[in-house]
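The values are calculated or read from the model by the stated rules, or taken from the named source; none is laboratory data. If you're wondering where the values come from, they're calculated on a predicted model, not measured in any experiment. Here Cβ is always computed from backbone atoms with ideal geometry, including for glycine, and neighbour counts include all displayed protein chains.
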Amino acid sequence: MTMTDRASPNFNDRAGPVSMLVLHYTGMETGDAAIERLCDPAAKVSAHYVVEEDGSVLRLVAEDKRAWHAGVARWRGIEDVNSASIGIEIVNGGHDFGLPDFPDAQIEAVIALSREILGRHEIAARDVVGHSDVAPERKLDPGERFPWARLAAAGVGLWPDTAGADEAAVSELAANLEALERIGYGVEDIAPEDLVAAFQRRYRPGRVDGVLDAETAGLIARVRALCA
């Protein structure tokens, strides 16, 4: 993993300690365009790191500063997610540009960088999240093609046993919303289908429809158990 400094002016002081790692895709046509925007004072957005398609890493903001990557977001009751998190932008066109696959070299760099970050901060596996986890009503990134299971196998984030649908899972909406909240999702004022779709995008990427079926309910229960 090679790292280059490219300073962004878009940051301020943190209001608290780091407890989260938030992964994004850039969602722009090219990596260069995304980097220019993340360094543009007028854009008022940034991240701590950018991982390019070839695995090169740019450091835009020092980890002790508050980068502006999450926007309006919530996780485990924390509403100032920017103050509590390190943000990594992963160069990928996203849903607006065909949601390309993430190259192996890029994912290996994301894993290596994430492991370094986890070594510097007290971040629980459950608090390695996607932008769509912390802002399910607004965001889709890093998207259903992002290999969360591969990251978890390397020690970055959570991944449950996904073998088979759990037909015995409780499919009652209120119970599953409570479970999602215990996992960390902010549920207040967010449509249930958006919450379910965000969970599916992370843990059942093969079918993201926002429907609370037995398989989804079973996965919610399994992830909830990992967060006990």
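Things to note:
- Test: residue in region 154-164 that is touching a residue at least 40 places away in the same chain (Cβ under 8 Å), of a type outside the set (Lys, Arg) and touching a Gly at 6+ places or on another chain (Cβ under 7 Å): no
- Residue within region 40-48 that is over 14 Å from Phe11 (Cβ atoms), surrounded by fewer than 17 Cβ atoms within 10 Å (Cβ to Cβ) and free of Cβ contacts under 8 Å to residues at least 60 places away in the same chain present: yes
- Qualifying residues in region 82-99 (those that are in a loop (DSSP other than H, G, I, E, B), touching a residue at least 24 places away in the same chain (Cβ under 8 Å) and not β-branched (Val, Ile, Thr)) - the one nearest to Val51 (Cα to Cα): Asn92
- Every condition in (1) surrounded by fewer than 17 Cβ atoms within 10 Å (Cβ to Cβ); (2) part of a loop (DSSP other than H, G, I, E, B) holds for Ala73 except the one numbered (1).
- For region 77-88, a tally of residues being under 14 Å from the mean Cα position of the chain (by Cα) and not polar (S, T, N, Q) returns 5.
- Listed by first and then second residue, the pairs with beta-carbon distance under 6 Å, at least 6 apart or on different chains, first residue in region 188-201 and under 19 Å from Arg76 (Cβ atoms) and not assigned by TED's automatic domain parsing to the domain that holds Ser132, second assigned to a helix (DSSP H, G or I) and among the small types (Gly, Ala, Ser), are Ala198/Ser132; Arg201/Ser132.
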